[in-house]
There are 4 protein chains.
Amino acid sequence: MPRFPDYEWPAGKQSAFCFTVDVDAEMPWMWAHRDKPMSGLGALELRRFGQRVGIHRIVDLLKKFNIHGTFFVPGGIAELYPDLLPMLVENKHEIALHGYFHENAKDISDAEFTRALEQSIERFEQQTGITPKGFRSPAWEMTPYMLDEIKRLDLYDSSLMGFDHPYTVRDVTEIPVQWTTDDAVYFRYTGGGVDLWPPSPPGPILDGWLDEWSMLHRNRGMFMLTVHDWISGRAQKILMLEKLLQKVTAESTAWISKLSELADHHRAINNDIYVVDGNLSADFSNHPARKVS
Amino acid sequence: MPRFPDYEWPAGKQSAFCFTVDVDAEMPWMWAHRDKPMSGLGALELRRFGQRVGIHRIVDLLKKFNIHGTFFVPGGIAELYPDLLPMLVENKHEIALHGYFHENAKDISDAEFTRALEQSIERFEQQTGITPKGFRSPAWEMTPYMLDEIKRLDLYDSSLMGFDHPYTVRDVTEIPVQWTTDDAVYFRYTGGGVDLWPPSPPGPILDGWLDEWSMLHRNRGMFMLTVHDWISGRAQKILMLEKLLQKVTAESTAWISKLSELADHHRAINNDIYVVDGNLSADFSNHPARKVS
Amino acid sequence: MPRFPDYEWPAGKQSAFCFTVDVDAEMPWMWAHRDKPMSGLGALELRRFGQRVGIHRIVDLLKKFNIHGTFFVPGGIAELYPDLLPMLVENKHEIALHGYFHENAKDISDAEFTRALEQSIERFEQQTGITPKGFRSPAWEMTPYMLDEIKRLDLYDSSLMGFDHPYTVRDVTEIPVQWTTDDAVYFRYTGGGVDLWPPSPPGPILDGWLDEWSMLHRNRGMFMLTVHDWISGRAQKILMLEKLLQKVTAESTAWISKLSELADHHRAINNDIYVVDGNLSADFSNHPARKVS
Amino acid sequence: MPRFPDYEWPAGKQSAFCFTVDVDAEMPWMWAHRDKPMSGLGALELRRFGQRVGIHRIVDLLKKFNIHGTFFVPGGIAELYPDLLPMLVENKHEIALHGYFHENAKDISDAEFTRALEQSIERFEQQTGITPKGFRSPAWEMTPYMLDEIKRLDLYDSSLMGFDHPYTVRDVTEIPVQWTTDDAVYFRYTGGGVDLWPPSPPGPILDGWLDEWSMLHRNRGMFMLTVHDWISGRAQKILMLEKLLQKVTAESTAWISKLSELADHHRAINNDIYVVDGNLSADFSNHPARKVS
């Protein structure tokens, strides 16, 4: 617990801001039904909205502010929508990995993880000629094995929350996420009796995001926004994102960057400072404070 | 994923606004108890408020703004309250289908769906002489079979969320709904230990609806409001709806229309543009990215 | 579904406002543990706050505004805290019935309901010399049997939600409640992993209550506030209630009344208008719209 | 139920304000996995943020306002992060007990409770030379046995909610907590499908805390703030706490105190007034109001 120093940004920059999109569309729904028949169209149409409409509204919004984002795309979505990756590349956004079928880490074996990862890279290369540089785990869960694989393939990761700026875990460059700046936590709602809470109206959440950004900017941190095509492509969320970007882009010392740029920066400048081991906690079943004989 | 163009509205109109009412009253409660005895009066009285009081307050509100809505009425509610459909017709509102007993799609067979639908049409015709033109699924769930039946009977559907303007799915005209503009998501609360979240106060939800409307109007979209007699007939919700209608009706380029008018417009103007197939997702159990031997 | 006319209030009054307290303290917790041992003090101390502190703050608040409320007290709470009923009577508040052990209707037989009711009346008479005039069901659930017993004992009831002004159900005068103006829905939180949602901050709920009151007053309705000693006796809720009462008491045409006064008014003026049968729904298992052979 | 008088504070003070930190970091996660293997790093990294970053931001914030808090630290966290207790002592904060492994009272035997407590005291003494004066139960649950042990070791307790100022229960000085001024209730969110509600944005919660403080100050009460290193160390919560402290520290008659100071005050001044027995409720299975033969 030696205290970590303030993070060091490029000259003239005080903080970073990342606009990322987890382009899930209907893939989590397909994954949830991988072993049982699908009958209804409700959740499916709700999610297909993401590729029909939502993704374009998000790309338009970024164009309006002349900024570029990082889009994490499951291999299966690239397969279903072959125009998607080329369209994103043409608009100068970064494309990165997000599983093949949006597989939840707890549902698959290590070998299945590796296979999904390699098949996704292959599809990205085939559709765009570009080898992706980063990975985000579908449900933001990572294991030591997964991190080691990410390192083997020379990728950065963006799935963990151990800092609110880039760091290094098990030798992997980590560009951390945060639940409170993820749209799905607040706005995902699919009906059918499975939701545990209702979707929030956007106003209070935007206020929280603006607070988060103000304080992170003051503290030399990094704001990681994560949105989803089928969630934030809806009208009221586009308006909310517009208001957020108006605030952030007005601040010239905020570095609005793609994640691969952040990863390059981290490797060049801070390689030996923000380093943690990324081990699981030690077993304490025999600790003297625990058992009473 | 070719991009769909902006929707085309009648001359002078930039967006559409639909006021719809799912007139459920106590029918979902009766359906939930179809195979077990009912003992308490609490939820029943709460829902009967809808036909005693709520429906009149909603009709009064629409009269005050001189607009007309679309009321989806389960056949069983028309049977229990035989004055309802004639009263709605007299006030120039559209009446449309909503199952017979508010049957959830997942609880019934295809044949039971068809029988409930046909019996509802018969009751509507018997009570009003009018053949309804549209259908909304009780829990907003549709299957390919249901859509095909809707087409066979030459109805429009209003149950899916694949766009935020009219579209065509399996050859059926779809006037889409949206969870975030449905009162039940936020305000339904019946007590007895079954609710997973509390009712929201109306203010923040109204703010979200106004945001949704502003952006949909800017984007040439369609705002689909859905309320329920027993939920939004309560005082604070009438006040909230009054504030929403004050805003919307002040905008002359917003087309406030019944769903059958929207369906006619869609069939006349856009029949071959916003077309999707409405198939379930393909099975991927043998996809090379999935299994590791 | 003939439309019910506006409710008729005493001369000079446009609406009614009722301040009611369900004085539950630790009784629901004791009822929940009636068949299993209690081990922890956490929820118990949280609830005992109600009789140590909360009830006095609420009584002080009403005194400050010179208004009188109706306090529904379980017989068992009167037994545990024998100073309570006399203190309430001394302050000119109405005391009314609320079960003996805050028994949930679904947990007890008809005979147990009657016995708890009669034992509570006996305790009230013994402690105060006053025979209570009204009853509210512990979890706001009523059965036809319970209503018939309430009628046999010549009590009014305040447990159902079929109107938002007094009415008559199964020959019983009903002074209705409403979930959205009950503090427990929003603020009850006991910890220990049993809560399904967090307590709300008071601001947005107060806004909703003010909206509800404004529209009910405009519509000639009745605002039924329900608070609990151990919940609304907390500081931030007292402040919230103070703000609500400042608004309501400033309106001279709002009739702030005890429930027994409302019941007397209803019996005198409206005895034959707002009458509903209070039967359970008919069985429809053999309805022709349901089954497909 | 004799009414308790207003609490008596030191000369010139009208209320008390306590800033407490439950320094849990990853310990509850380790406890939850004490009997099953841990596989993922997600929740672990989220919580390790607390010791890497969060605790320092909280200490900095208190330094900025020149106030001192009370930090409840599980023995196991002191063991994992041996610089923590010395750093807190150096900054003049109080360090107090919080279990060894953040053991939930319902998961352990009486003997295990005592052992964890004694091992924690030993570790505190070993690392700092200081014997802690107070205890807070990990999940804010206490039993009569636990209170008796706290008394045997001459500690104060801060786990119960029977008043909103200090009191005496089973001869133990209790500095009470409150759910509504605990950050975890509103902001804890760990993902992985275990949360029952989303994290709140900070604005509405801050409003509630300011209301609570205003009214407690008016009523001569005590505001007990509880935050967690891994939750409130996040940027938007630091901003929220800054706003709260700006308000509170501007009021010179608010006594901002460590819990051991409050406990000393209570013992010196109020030892015989706010006394409750802290017994479990009596069994009522044979009460005449309950059973019907």
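For the range B:155-192, a tally of residues being in contact with a Pro (Cβ under 6 Å, 6 or more places away or on another chain) and farther than 18 Å from B:L262 by Cβ returns 5. Scanning the range B:30-46 for residues that are free of Cβ contacts under 8 Å to residues at least 60 places away in the same chain and either closer than 19 Å to B:D107 by Cβ or within 20 Å of the chain's Cα centre (by Cα) (or both) returns B:A32, B:H33, B:D35, B:K36, B:P37, B:M38.
Can you name the residue in the range D:101-111 that is of a type outside the set (G, A, S) and open to solvent by less than 50 Å² (accessible area, probe 1.4 Å) and is also farthest from the chain's Cα centre (by Cα) among such residues? Spell out how you get there, then give the answer.
Narrowing the range D:101-111 to residues of a type outside the set (G, A, S): D:101-104, D:106-108, D:110.
Restricting the remaining residues to those that are open to solvent by less than 50 Å² (accessible area, probe 1.4 Å) gives D:101-104, D:108.
Working: D:F101: 16, D:H102: 12, D:E103: 14, D:N104: 14, D:I108: 20 Å.
Result: D:I108.
Condition check for C:H102 on (1) assigned to a helix (DSSP H, G or I); (2) away from chain D (no Cβ under 11 Å): one failure, at (1). Here the condition is being surrounded by 15 or more Cβ atoms within 10 Å (Cβ to Cβ), part of a loop (DSSP other than H, G, I, E, B) and among the aliphatic types (A, V, I, L, M); of A:L280, A:L241, it holds for A:L280 alone.
On the basis of being over 14 Å from B:M30 (Cβ atoms), of a type in the set (V, I, T) and either in contact with a Pro (Cβ under 6 Å, 6 or more places away or on another chain) or surrounded by fewer than 21 Cβ atoms within 10 Å (Cβ to Cβ) (or both), does B:V89 make the cut?
It is true that B:V89 is over 14 Å from B:M30 (Cβ atoms), of a type in the set (V, I, T) and either in contact with a Pro (Cβ under 6 Å, 6 or more places away or on another chain) or surrounded by fewer than 21 Cβ atoms within 10 Å (Cβ to Cβ) (or both).
Filtering the range C:162-182 to residues that are at the interface with chain B (Cβ under 10 Å from one of its Cβ atoms), touching a Gly at 6+ places or on another chain (Cβ under 8 Å) and within 18 Å of C:R220 (Cβ to Cβ) leaves C:D164, C:H165, C:E174, C:P176. As a summary of the residue check, C:E8 satisfies the conditions (1) away from chain D (no Cβ under 14 Å); (2) within 18 Å of the chain's Cα centre (by Cα); (3) touching a residue at least 60 places away in the same chain (Cβ under 8 Å) except for the one numbered (2).
Just to verify a result, which residue in the range A:24-40, among those that are in contact with a Leu (Cβ under 7 Å, 6 or more places away or on another chain) and closer than 21 Å to A:A116 by Cα, is least open to solvent (accessible area, probe 1.4 Å)? Lay out the reasoning, then the answer.
Pass one, the range A:24-40, residues in contact with a Leu (Cβ under 7 Å, 6 or more places away or on another chain): A:26, A:29, A:38.
Filter once more, so that each one left must be closer than 21 Å to A:A116 by Cα: A:26, A:29.
Details: A:E26: 6, A:W29: 66 Å².
Checked the range A:24-40; the qualifying residue least open to solvent (accessible area, probe 1.4 Å) is A:E26.
Of the candidates C:V185, C:V172, the single residue that is at pLDDT 95 or above and either within 30 Å of D:A184 (Cα to Cα) or among the small types (G, A, S) (or both) is C:V185. If you go through the range D:73-96 and keep only what is among the small types (G, A, S) and more than 9 Å from every other protein chain (Cβ to nearest Cβ), you end up with D:A78, D:A96.
Pick from the range B:7-23 the residues that are among the small types (G, A, S) and open to solvent by less than 10 Å² (accessible area, probe 1.4 Å): which of them is farthest from C:I108 (Cα to Cα)? Spell out how you get there, then give the answer.
Just the residues of the range B:7-23 that are among the small types (G, A, S), to begin with: B:11-12, B:15-16.
Next, from what is left, pick out any that are open to solvent by less than 10 Å² (accessible area, probe 1.4 Å): B:15-16.
Working: B:S15: 56, B:A16: 53 Å.
Looking at the filtered set, the residue picked out is B:S15.
Within the range D:41-62, being within 9 Å of chain A (Cβ to nearest Cβ), open to solvent by less than 10 Å² (accessible area, probe 1.4 Å), of a type outside the set (A, V, I, L, M, F, W, C) and touching a helix residue (DSSP H, G or I) at 6+ places or on another chain (Cβ under 8 Å) holds for one residue alone: D:Q51.
Here are B:I77, B:I95: which of them is part of a helix (DSSP H, G or I), crowded, with 17+ Cβ neighbours inside 10 Å, of a type in the set (V, I, T) and under 17 Å from the mean Cα position of the chain (by Cα)?
Values: B:I95 fails: part of a helix (DSSP H, G or I).
Step by step, each of B:I77, B:I95 is checked, and only B:I77 is part of a helix (DSSP H, G or I), crowded, with 17+ Cβ neighbours inside 10 Å, of a type in the set (V, I, T) and under 17 Å from the mean Cα position of the chain (by Cα).
Condition check ((1) away from every other protein chain (no Cβ under 11 Å); (2) not hydroxyl-bearing (S, T, Y)) across all residues:
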residue: D:R218; (1), (2): no, yes
residue: D:I231; (1), (2): no, yes
residue: D:Q236; (1), (2): no, yes
residue: D:V248; (1), (2): yes, yes
residue: D:S252; (1), (2): yes, no
residue: D:S257; (1), (2): yes, no
residue: D:S260; (1), (2): yes, no
residue: D:H265; (1), (2): yes, yes
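Matching residues to (1) of a type in the set (F, W, Y); (2) touching a Gly at 6+ places or on another chain (Cβ under 6 Å); (3) more than 7 Å from every other protein chain (Cβ to nearest Cβ):
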| position | (1), (2), (3) |
| --- | --- |
| A:R123 | no, yes, yes |
| A:S137 | no, no, yes |
| A:L153 | no, no, yes |
| A:A184 | no, no, yes |
| A:M215 | no, no, no |
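Remark: pairs (first residue in the range D:122-146, under 21 Å from D:N279 (Cβ atoms); second residue among the acidic types (D, E) and modelled with pLDDT of 95 or more; Cβ separation under 6 Å; 6+ apart in sequence or on different chains) = D:F135/D:D157; D:Y145/D:D110.
Counting only residues that are under 28 Å from C:Y145 (Cβ atoms), open to solvent by less than 60 Å² (accessible area, probe 1.4 Å) and not in a loop (DSSP other than H, G, I, E, B), how many does the range C:253-277 have? Walk me through it before giving the result.
Applying the first criterion (under 28 Å from C:Y145 (Cβ atoms)) to the range C:253-277 yields C:258-268, C:270-277.
Now restrict to residues that are open to solvent by less than 60 Å² (accessible area, probe 1.4 Å): C:258-260, C:262-263, C:265-266, C:270, C:274, C:276.
This time we only want the ones that are not in a loop (DSSP other than H, G, I, E, B), so: C:259-260, C:262-263, C:265-266, C:276.
Residues meeting the conditions: 7.
Across the range B:188-236, the number of residues qualifying as of a type in the set (K, R) and under 25 Å from D:P198 (Cα atoms) comes to 1.
For the range A:112-159, what are the residues that are part of a helix (DSSP H, G or I) and open to solvent by 50 Å² or more (accessible area, probe 1.4 Å)?
Of the residues in the range A:112-159, the ones part of a helix (DSSP H, G or I) are A:112-128, A:144-152.
Result: A:R115, A:E118, A:E122, A:R123, A:E125, A:Q126, A:Y145, A:D148, A:K151, A:R152.
The values are calculated or read from the model by the stated rules, or taken from the named source; none is laboratory data. The shown structure was predicted, so the numbers you read here are calculated from the model rather than taken from an experiment. Glycine gets a Cβ as well: all are built from the backbone with ideal geometry, and neighbour counts include every protein chain shown. The area values use the complete protein model at the heavy-atom level, side chains included, leaving out ligands, DNA and RNA. Shrake-Rupley method; radii C 1.70, N 1.55, O 1.52, S 1.80 Å.
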